[in-house]
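Have a look at the structure below before the remarks.
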Amino acid sequence: MKDNSQTVIKAICVFVKDGKTLASKGVDEKKGETFYRGIGGGVHFRETSKKAMEREVKEELGCEVENLEILTVAENIFTYDGEDRHQIVFLYKADLSNKDLYKQDKIHIVEPYSEFDAEWVPIDDILNGKAILYPSLDWSVVFKKLK
């Protein structure tokens with residue numbers, strides 16, 4: 001079993017188009033919960049969160065980010081798949097350099113150890129609780145900053 005007893009640093013980016021945000025879908029089998037998470041991932045040792053964000057978008061979406069700006073830093077303590085986790089999340093906003101990605105409903109992402117789809121999730125679904133977006137924070141405040 002993997003030891004998750006350490007704090008992990010993540011960089012996540014919010015991309016917005018037409019009242020929707022780009023996120024990957026996940027499932028916690030133990031909770032029976034479907035959720036979404038923004039594009040991004042782990043910050044490597046001696047890598048800034050900004051550089052990690054640029055790298056993660058390049059790896060996941062195959063393009064650069066434009067107008068990258070930090071929104072907030074959040075502490076996320078949660079249970080996933082029956083295991084306790086602790087993350088510090090640097091949350092950014094940006095625009096995608098590949099404008100064709102804004103036209104796709106779903107974007108298939110292939111990483112070395114996983115494959116998944118990202119999709120444009122209605123922000124109203126997140127704000128009214130119909131869709132869960134992690135990390136847990138007040139998304140109404142975040143999305144207000146993006147208008």
Report yes if some residue within the range 118-130 is within 26 Å of SER5 (Cα to Cα), modelled with pLDDT of 95 or more and not hydroxyl-bearing (Ser, Thr, Tyr); otherwise report no. no
Scanning the range 118-147 for residues that are under 19 Å from ASP95 (Cα atoms) and acidic (Asp, Glu) gives GLU119
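Please go through the range 2-21 and pick out each residue that is more than 17 Å from HIS86 (Cα to Cα) and part of a loop (DSSP other than H, G, I, E, B). Spell out how you get there, then give the answer.
Our first condition is that a residue be more than 17 Å from HIS86 (Cα to Cα); within the range 2-21, this holds for 13-21.
Of everything in the range 2-21, those that are more than 17 Å from HIS86 (Cα to Cα) and part of a loop (DSSP other than H, G, I, E, B) turn out to be PHE15, ASP18, GLY19.
The values are calculated or read from the model by the stated rules, or taken from the named source; none is laboratory data. This is a predicted model, so every value here is computed, not measured.
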